[in-house]
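All of the numbers you see were taken from the coordinates with simple rules; none came from a lab. Please read these numbers as outputs of a predicted model, since none were measured by experiment. Every residue, glycine as well, gets a Cβ built from its backbone with ideal geometry; the counts of neighbours run over all protein chains shown.
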Amino acid sequence: MVFALLGAAYVGTMPAFLSIGVMMAKKKRVVRAWSKEDVKTLRALAKAKLSGPKVAKKLRRTPGAVAQKAMALGVRFRSINRKRR
């Protein structure tokens, strides 16, 4: 089989990206409102000195969403002490 691919001839089987139905649909973004229980859990986990990403996993939210909510509530997560060079 010969296919014209951007002006150049291509001999062989059809590339996967040219076949019909191969392109996947974009994931739709789902915005969940923060419940009072979620906020309580966020505050408790921050008080227990968990890191932001770990809190995000427990709440099943993105780290960015947790960081934004924590900033709005005035909640701080533990800081990681790193060795200075």
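Below are the figures for this structure:
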| item | result |
| --- | --- |
| First in segment 25-54 and exposed (fewer than 11 other Cβ atoms within 10 Å of the Cβ), second anywhere and assigned to a helix (DSSP H, G or I) and among the β-branched types (Val, Ile, Thr), Cβ under 8 Å, 6 or more apart | none |
| Subset of segment 26-64 that is in a helix (DSSP H, G or I), of a type in the set (Gly, Ala, Ser) and over 13 Å from the mean Cα position of the chain (by Cα) - its residue that is nearest to Gly74 (Cα to Cα) | Ala46 |
